[in-house]
Amino acid sequence: MNRYPLWKNLVVLAVMLTALFYALPNLFDQDPAMEISGTRRAELNEQTEARIRDALGAANIDIKGQDQRNGKLLLRFKDSDTQLRAKETLENTLGSDYTLALTLSTDLPAWLQATGALPMYLGLDLRGGIHVLIDVDMDAAVKQSMERYSGDIRTLMRENKLRYTTVALEKGEVVVKFKDEALRYQAEEVIGSEFRDLLLETRDEGGNFLVTAQMGRLEQQEVKKFALEQNITTLRNRVNALGVAEPIIQQQGERRIVVQLPGAQDPGKLKEILGATATLEYRLEDTEHSIQDALEGRVPVGSRLYRTRDGQPILLKKRVIVTGNQITDASSGFDSRSGQPAVFVNLDGAGAGRMRNVTTENVGKPMAVVFIESRTETRIVDGKKVTRKIPVEEVISVANILEPFGRRFQTTGLDSPEESRDLALLLRAGALAAPIDIVEERTIGPALGQDSIDQGFRSVVIGLVLVMIFMAVYYRVFGLVADLALLTNLVLIVAVLSLLQATLTLPGIAGIVLTVGMAVDANVLIFERIREEIRVGSTPQASIHSGYEKALSTIVDANITTLIAAVVLFSFGTGPIKGFAVTLFIGILTSMFTSIIGSRAVINLVYGGRKVKNLAI
């Protein structure tokens, strides 16, 4: 009686050993480190590594260790001061062609790295960095959309030769005035057939016949949602230029964006990046002149020399067809005729008219997409930081014009579906869809983050020790078994967080502390049930069996309610609340395993399969 089959004992043992293995990386110290990666303009190779070593050696900066993975070079240093000195040195040596990301790196042995076991990430409150809360002006997004409609309607009236008095945006709606009532009704029919999502109304005012157009509630919601998503994508692209490892950029509520940059300590540079500008231009390729002549300095008068992302020279005409400001939407897909990856682009009225005219005249000729960005570069000149804006222009796509097109067209000639998705993102995220305002900014120093780690660790240890002492004194041998289950539960929580590569935050530590207190609840219920069975005269073996069997439903009911609370917190909460909910949810599941299955396995090994007169409980 009270014996597990061999397979169940082996499962429990396998779970414990696996948990120990994946929790092991968290025991190694995390060193201040720098992750160096090349941009599209430069490649990280042996020559670059030699330059890095020579520059750090000349500045008397010691490297604790280095590692290369996924095309990136990771340098570890003994302290944060050395890390910052190395960053300043390499910024001057490598320039803006390489990205330098300050991070923390665990000095894992090679055999552990080979298995893919990694420690947990540390959140902003434990690691230090910058927290920014950004508000997106949704009203401006809707207004910009209505302004595009205003221009499109004005173009539509001219194309259909409907003489209007004015087309203006008034109080959130487009107002078109006519002197003739018949023209007004014709215009209403034309606008309604072209823009089916607009809500149209007619009225008379001061001798004028008016058609008013405004967006419906659903379309306004779509515009706001699109603006928020595009701003998040744009900010993510811009934050990547800061070189921060594991940045967090996510939506908060209906109109706000949270930007968290662990390890970053320069809020001024962050504001520069967030306020940077980026746009796109469509230009025709100059196929009539020689690229070699242009490289030698003989650039034709009406053309200009550009570079593609891989550094290849290309000659484009100076005349700009349309710019990114005239793109209203972009999505990736496949060409219906060839099945090749393609990007589908929508233009506003003015851009559509210009594109139609140019493409009609240049069928069969190549057209290029130029991505233009203003990047900020900081250098040390005469011991002082000097910041300047550098315009970067890259050709991201070149494709032939197959037929005339206007408002909606597609760009082909892309290598893969991934490239088409990236291009669609660039087209949509070239510029912010709506103005932003930084409403909250916090800078957390690394020392404060380390202090939070120390305090959180102390709170877990103190809570764990007090609970273990109480259980050992009150329940004796059974209490020691509960203590073993509690320690195993902590290891399981850390292992699951490490396996999922979850980010541990201060509220997450609070969730672990709470789990430590709650983890023994199941054992308390089981042990008290065993004591009741002994008091009514049951044998020790029968008491153990009944205690675990009869307490099971109560334990499950109690933990399910906590799991529901954790799910609700995760579903409706924001960053810190989600961190607490995740550790609470994982802790409840692991505590049920260790308290019910794990402790029963140990009790069975101690008391099972033999005659017992008394239980040490």
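The values are calculated or read from the model by the stated rules, or taken from the named source; none is laboratory data. Everything numeric here is computed off the predicted structure, so don't read it as measured data. Glycine gets a Cβ as well: all are built from the backbone with ideal geometry, and neighbour counts include every protein chain shown.
Worth a mention:
- Being in a helix (DSSP H, G or I), of a type in the set (Asp, Glu) and over 30 Å from Thr106 (Cβ atoms) is a property that does not hold for Asp204.
- Elements of the type strands (runs of 3 or more DSSP E) sitting completely within segment 279-363 and holding at least 1 residues that are among the β-branched types (Val, Ile, Thr): these cover 313-323, 327-334, 341-347.
Yes/no matrix, rows are residues, columns are (1) in contact (Cβ under 8 Å) with a residue 60 or more places away in the chain; (2) of a type in the set (D, E, K, R); (3) in the same structural domain as Ser80 (by TED's automatic domain parsing):
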site: Leu13; (1), (2), (3): no, no, no
site: Met16; (1), (2), (3): yes, no, no
site: Glu35; (1), (2), (3): yes, yes, yes
site: Gly38; (1), (2), (3): yes, no, yes
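Per-residue answers, yes or no, for (1) over 30 Å from Val258 (Cβ atoms); (2) of a type outside the set (Gly, Ala, Ser); (3) surrounded by 20 or more Cβ atoms within 10 Å (Cβ to Cβ):
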{"residue": "His545", "(1), (2), (3)": "yes, yes, no"}
{"residue": "Ala565", "(1), (2), (3)": "no, no, no"}
{"residue": "Ala581", "(1), (2), (3)": "no, no, yes"}
{"residue": "Gly587", "(1), (2), (3)": "no, no, yes"}
{"residue": "Ile597", "(1), (2), (3)": "yes, yes, no"}
{"residue": "Leu605", "(1), (2), (3)": "yes, yes, no"}
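- Sole exception among (1) surrounded by fewer than 21 Cβ atoms within 10 Å (Cβ to Cβ); (2) modelled with pLDDT of 85 or more for Lys269, by number: (2)
- Selection count, segment 521-563, where residues are assigned to a loop (DSSP other than H, G, I, E, B) and of a type in the set (A, V, I, L, M, F, W, C): 1
- Residue within segment 544-560 that is of a type outside the set (Val, Ile, Thr), in the same structural domain as Met468 (by TED's automatic domain parsing) and closer than 27 Å to Ala23 by Cα present: yes
- Close pairs (6 angstrom Cβ cut-off, 6 or more residues apart or separate chains): not assigned by TED's automatic domain parsing to the domain that holds Lys143 in segment 208-222, small (Gly, Ala, Ser) and crowded, with 17+ Cβ neighbours inside 10 Å anywhere: none
- Checked across segment 90-102, the condition of being touching a Phe, Trp or Tyr at 6+ places or on another chain (Cβ under 7 Å), among the polar types (S, T, N, Q), without any contact (Cβ under 8 Å) to a residue 60 or more places away in the chain and more than 30 Å from Phe209 (Cβ to Cβ) holds for no residue.
- Any hit, segment 468-476, residues being in contact (Cβ under 8 Å) with a residue 60 or more places away in the chain, farther than 30 Å from Asn604 by Cα, buried (at least 18 other Cβ atoms within 10 Å of the Cβ) and out of contact with any His (no Cβ under 6 Å at 6 or more places or on another chain): no
- In summary, Asp286 fulfils each of the numbered conditions (1) touching an Asp or Glu at 6+ places or on another chain (Cβ under 8 Å); (2) crowded, with 19+ Cβ neighbours inside 10 Å; (3) farther than 16 Å from Arg408 by Cβ; (4) of a type outside the set (Lys, Arg) with the single exception of condition (1).
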